[in-house]
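For reference, the structure is listed below as structure tokens.
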Amino acid sequence: MITGFVLRALDGKIVVAIGILLAIALLVPALNLLVPPESAFHVPTYAVSLFGKYLCYALLALALDLVWGYCGILSLGHGAFFALGGYAMGMYLMRQIGSRGVYGDPVLPDFMVFLNWQELPWFWYGFDMFPFAMLMVLVVPGLLAFLFGWFAFRSRVNGVYLSIITQAMTYALMLAFFRNDMGFGGNNGLTDYKEILGFPVQAAGTRNVLFAMSAIMLALCLLIASAIVRSKFGKVLVGVRDAESRVRFLGFRVENIKLFTFVVSAMMAGIAGALFVPQVGIINPGEFAPANSIEVVVWTAVGGRGTLIGPIIGAVLVNAGKSFFTGAFPEFWLYALGGLFIAVTLFLPKGIVGTIQQGWNARRQLRAAAEREKGRDADLLPQAAE
């Protein structure tokens, strides 16, 4: 059963994309660790972390594409799932600091000591164990998505109304996490990490492992998403996107289909957030900002929604452009981002990959029509000779 599930996912383009990601997972660390710094092929450690951040954003865009591109749910709150996964990882990393913090408390993180907390809150228990923290990376975003989706989808909230509600959800979480009495570091968030699984977070080897894990998890989630959309369930999913009422009249429980997809997507976003935090060194309530979720929509639209590979390309390209513009022309970056979204909407409504696929399909259709015409002419020649 599992073998069949995986084999269905192995579309030619997906295989190539997974192969490229796995190659990158090996090549970039090798260029950083094995190539001398004076070589033109050496990749500096800061670039490894930067590229790893791009891959985390690509995984977040892939998660959004699963619900938006194939189920028609335009979520403006996926930044919340990303941030919750990041906070779960951040809590684990904070518990690993122990007595090496500024105040030397072996149990309480520094911000709790500063705020005169007397004991560790109950929801911090267990985060000193890596398996428990990784479980929470999946469970917390998944549970929030399940509860939100259960009420929203059964109430048949659709379209722009659902988008507004998802944005309100992430905004409410942002305001809550800004509060010091929530126990998550308030405005400053969680930072000053020391180690992960006993290895120094800032070490070059650790950075390279985190980058490789980001590439591998992106490849794995791409495989899972491809298997979902290429299955029979995926065909129903597209039906929900294109004609929800017809699918409902055929007897399918549309709310359950949406709920399953929404939860899987939220878990993927949580994984992206968990990989993001140790590479950037901080997680704070700013990650819940609605503008971040809107940026994810831009990445997905630029790459091409409903293509799986497109959002990955869009996320990497847009964030690489952001790194360039914020360094060279910081005051113009937001204008460039807005102009990019308008240009894509007007001239590339299917995104980069979607437009390429459309052109390729049109070319194949023209070639097939020419072949049929040629065959028809060949059949008519004997009849003309008679």
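Structural remarks
- Theoretical gain in end-to-end length, V107 to N188 [0.36 nm per residue, Cα-Cα removed]: 27.2 nm
- Positive-end ranking of L33, V229, S99 along the dipole of the chain, with charges on Cβ about the Cα centre, is headed by V229.
- Solvent exposure ordering (accessible area, 1.4 Å, most first) of I356, I73: I356, I73
- Helix 351-385 and the longest principal axis of the Cα set of the chain meet at an angle near 20°.
- Degrees, to the nearest 10: 309-328 long Cα axis against longest axis of the chain: 50 degrees
- Across K13/K322; K13/K258; K232/K258; K235/K258; K53/K322, pairs whose alpha-carbon gap is larger than 23 Å: K13/K322; K13/K258
- Phi-based couplings in Hz for segment 205-221 (Karplus 6.51, -1.76, 1.60; Gly and Pro marked x): x, 5, 4, 5, 5, 4, 4, 4, 5, 4, 5, 5, 5, 5, 5, 5, 5
- Over the chain, accessible surface divided per residue gives 50 Å², non-protein components excluded, 1.4 Å probe.
- Near the amide H of E195, within less than 5 Å, lie the amide hydrogens of V201, all on another chain or at least 5 residues away, with H placed in the peptide plane.
- F127 accessible area, 1.4 Å probe, all protein chains in place, Å² to nearest 10: 10 Å²
- A Cβ-based charge dipole, computed about the Cα centre of segment 1-372 with Lys and Arg at +1 and Asp and Glu at -1, lands at about 1740 debye.
- Taking amide H as placed 1.01 Å from N in the peptide plane, I73 has its amide H under 5 Å from the amide H of W68, each at least 5 places away in sequence or on another chain.
- The fraction of accessible area contributed by carbon and sulfur in segment 1-372 is 69 percent, rounded to a whole number (1.4 Å probe; ligands and nucleic acids excluded).
- Paramagnetic reach from R179 in segment 256-293 [backbone N under 19 Å; point 7 Å along Cα→Cβ]: 284-290
- J(HN,Hα) series, segment 15-32, from Karplus relation 6.51 cos²θ - 1.76 cosθ + 1.60, nearest Hz, glycine and proline x: 4, 4, 4, 5, x, 5, 5, 5, 5, 5, 4, 9, 6, 4, x, 5, 5, 7
- Normalising the Debye intensity of segment 1-372 to I(0), with uniform scatterers on Cα atoms only, and taking log10 at q = 0.08 Å⁻¹ returns -0.43.
- Under a 5 Å amide H cut-off, with hydrogens placed 1.01 Å from N, I283 pairs with L190 among residues at least 5 apart or on other chains.
- ³J(HN,Hα), Karplus 6.51/-1.76/1.60, whole Hz, each residue of segment 101-108, x for Gly, Pro: x, 4, 9, x, 6, x, 10, 7
- Segment F114..A243, full-extension length gain: 40.9 nm, with 0.36 nm per residue of separation and the alpha-carbon distance subtracted.
The values are calculated or read from the model by the stated rules, or taken from the named source; none is laboratory data. This structure is a prediction, so every number in the text was calculated from the model and none was measured. Please note: Cβ atoms are built from the backbone with ideal geometry, for glycine as well, and neighbour counts cover all protein chains shown. Quick note on the areas: whole protein, heavy atoms, side chains included, nothing else; ligands and nucleic acids left out. Shrake-Rupley method; radii C 1.70, N 1.55, O 1.52, S 1.80 Å.
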